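Quick notes on the structure that follows.
Just so it is clear, none of the values below were taken in a lab; they were calculated from the coordinates. The structure presented is a predicted model; accordingly, all values stated were derived computationally and were not measured. Every residue, glycine as well, gets a Cβ built from its backbone with ideal geometry; the counts of neighbours run over all protein chains shown.
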Amino acid sequence: MSLHSPQQTDSAQLKVDKTTLLSAFGKFLPPEAILFENEDLHPYECDGLSAYRQLPLIVVLPRTVDEVQQIMRLCHEHDVPVVARGTGTGLSGGALPLAEGVVLSLARLKSILEIDPVNRTARVQPGVRNLAISDAVKPDGLYYAPDPSSQIACTIGGNIAENSGGVHCLKYGLTVHNTLKLKVVTVEGELITIGSDALDSPGYDLLALMIGSEGMLGVVVEVTVKLLPLPERAQVVLAAFDDVEKAGTAVGEIIAAGIIPAGLEMMDGPAIQAAEDFVHAGYPTDAAAILLCEVDGSNQEVSEHILAVRELLQASGSTEVRTANDEAERLRFWQGRKSAFPAVGRLSPDYYCMDGTIPRHRLPEVLKKTAELSRTYNLPVANVFHAGDGNMHPLILYNANNPGELERTEELGGKILELCVSVGGTITGEHGVGIEKINQMCFQFKPEELAQFRAVKHAFDPDELLNPGKGIPTPKRCSEYRALGNHQHPHDDEASS
Ligand SMILES: Cc1cc2nc3c(=O)[nH]c(=O)nc-3n(C[C@H](O)[C@H](O)[C@H](O)COP(=O)(O)OP(=O)(O)OC[C@H]3O[C@@H](n4cnc5c(N)ncnc54)[C@H](O)[C@@H]3O)c2cc1C
C-alpha cells in the first residue's frame, strides 16, 4: 500500500444511499449535471498527481451559485463529504475524490463577470482559466500576474485554493497578493463575502486564510483579482553553467545586487535535454544547468537591468550568456521552461513532482544533497524550478509498474522535503499539501501546531465534510509515521532549550 493512501475519516461511512442522493440532486440539477456511471466518473479519479486514483460516488457540475448552495445544503444534511474541483491540474492530490463522496466540479462556472480597467480589477467565476483573465483584459493594457505553468488549463478557483505561484511571482507576488475579494459557499450552503474592494478590511484576515486552504474551508464561487498594467518591455537572458551549484550561487547574486527579475528560473541537465527534445527552445543541451532571467519595466529600466544581469552572470562563471533578440525568441525560451513538466514526463512512465521551498542562499547545498539522495535511492531526479523564490521542483522519475517503486519514490520525495525543512524551508511552495505531503506535515509541525490547524478547520467545517483527509494529518497518522523512524524536525526553541 502506498505510504500516502488517503487517511480514513469519520465520514468514510456514507449515511445515505447513492440512489436517494441521486434522486435528491435530480430535483434541482438537470440530468447532464449529474454523473454517476463508472465510465463518466473516470476523468475525475485523480488530479495532475496521477500516482493516486479513486473513483468518486457522484460528480455534480452546477452552472449557478444557487445550485452550488443547494448541493452543499443537501450534502451537509446527509453528512456527505464534498471535494471541490477546478480542472484537476493540481500536483498534490488535493482534488483526489473519496469513494463515498461527491466531487463538486466548478468548471461550468466560467464567466468573466466584470472588468474594471479604472480600478484595475476583474470579477470572475471560479471556473475561469488563469490565462483567460489575462487574454480578456489585454485590450485594456492589463494582465493578471500570477502565471502557473499550467495557466492555459488551471482555474482561478484552483489557484485560490492552492495559493498558486508562477514565473512572475518573484516580482509580483503569489495569488494571495493579487486577490481582493472572494465569494464563498460554506459547508452549510451559506454564501459569504470575504475581503473587500478596498485594499484592506477590518477583522481577522480571512481572505489570507481562505487562499491556500485547499478546498477544506469553503467553496469559492467568485473571485475579484487585481490587474497590473502590461510592462512597456520584457526581455529574457539565458545563461548556461557547467555546474548546477554555480547556477544556484548566481541566483543569490542577482537578487543581492538589488535587481528583482520578473522571473528567475532554473533547469538542470535532464530537464534541459527533455525540454529541448520536446519543443526545440534553442537550449544548450551540453549545459549542466541554465538560468532564465527576465526583466520587465520601462524601456530604459530593462536596458540597464539586462546589462547588469549579463555582467553578474558572466562573473558567476556562466559558460554562455544569450539575450533573446526579439519577442519570438523570448517566447521560445519560456516555452521550453513552461513545457518542462510534460517534457520530463516523456523520459519515464511516471514522474513525481516535489515542491519544497528553501531560503535562496541554501540552493547550491540543497541541489547537491538532492543529487546524493537521488543516487542513494537509485531514482533519477530532474530539477526545474522557480529559483528566485527558492521554490524547488525536483521531478522524480519512476515506473509505477515496477513493484515497490512508487513507495521508494514517495520515500525519496519525503526525504527531499525534510531536507528543505531542515535548512529553514517548507514542504510546499505553491502546490499545496493535499495527500502527497501529508506525512511531512508531521515533520514540519509540532502536535500543538497541528492541533491549531485542526481547530481552524473545525471552526469552518465541524463535521469534516469539505475535502476530508487532506492537508492536516491526524495525530494517529503522525504517530504511525514517527513509528516508522521518521522523526519530527527539531524546532528552534527545542534545539536551544
Ligand atoms: C504542467 C503543470 C504545471 C504546473 N505549474 C504550476 C506552477 O507553475 N505554479 C503553481 O502554483 N502550480 C502549478 N501547477 C499546479 C496546478 O496547476 C495548480 O495547483 C492549480 O492552481 C490547480 O488548479 P485546478 O483548477 O486544476 O485545481 P484542481 O486540481 O481541480 O484542485 C486543486 C485544489 O483546489 C481545490 N479547489 C478547486 N477549485 C476550488 C474552488 N472553487 N473552491 C474551493 N476549492 C477548490 C480542490 O479541492 C483541490 O484541493 C502545475 C500543474 C501542472 C500539471
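At a glance:
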quantity: Amide H within-cut-off set for residue 49, under 5 Å, with H built and near neighbours excluded; calculated: 92, 93
quantity: Average Cα contact separation per residue, the chain, under 8 Å, 6 or more apart, as relative contact order %; calculated: 15 percent
quantity: C-alpha long axis of helix 327-338 to longest principal axis of the chain, angle in °; calculated: 60 degrees
quantity: Debye log10 I(q)/I(0) for segment 234-435, one point scatterer per Cα, at q = 0.15 Å⁻¹; calculated: -0.88
quantity: Pairwise FRET efficiency - residue 205 versus residue 315, Cβ, R0 = 41 Å, nearest 0.05; calculated: 0.45
quantity: Nearest-ten-degree value, helix 244-256 long axis tilted from longest Cα axis of the chain; calculated: 90 degrees
quantity: Of every Cα-Cα pair in segment 112-229, the percent that sits beyond 25 Å; calculated: 14 percent
quantity: Cα point-scatterer Debye curve for segment 131-196, base-10 log of I(q)/I(0) at q = 0.16 Å⁻¹; calculated: -0.60
quantity: Cα-based reach from residue 18 at 22 Å (exclusive), listing lysines while leaving out same-chain residues under 8 positions away; calculated: 27
quantity: Calculated Rg and Dmax of the chain using C-alpha coordinates, Å; calculated: 22.6, 70
quantity: Within the chain, helix-based [θ] at 222 nm, where runs of 4 or more DSSP H residues each add -39,500 (n - 2.57), nearest 500; calculated: -10500 deg cm²/dmol
quantity: Nonlocal amide H pairs with residue 84, under 5 Å, H built at 1.01 Å; calculated: 104, 467
quantity: Calculated from backbone phi, Karplus (6.51, -1.76, 1.60) coupling profile of segment 461-477 in Hz, x at Gly/Pro; calculated: 9, x, 9, 6, 9, 8, 6, x, x, 10, x, 10, x, 6, x, 4, 4
quantity: Filter on 15/476; 226/368; 246/470 - keep pairs with C-alpha separation over 30 Å; calculated: 226/368; 246/470
quantity: For the chain, cysteines whose Cβ has no other cysteine Cβ within reach (under 4.7 Å); calculated: 46, 75, 154, 169, 293, 353, 420
quantity: Degrees separating the helix 447-460 axis from the principal Cα axis of the chain, which is the longest one; calculated: 60 degrees
quantity: Stretch gain in nm, segment residue 331-residue 474, where the contour uses 0.36 nm per residue and the Cα spacing is subtracted; calculated: 47.0 nm
quantity: For residue 181, distant residues with modelled amide H under 5 Å away; calculated: 224
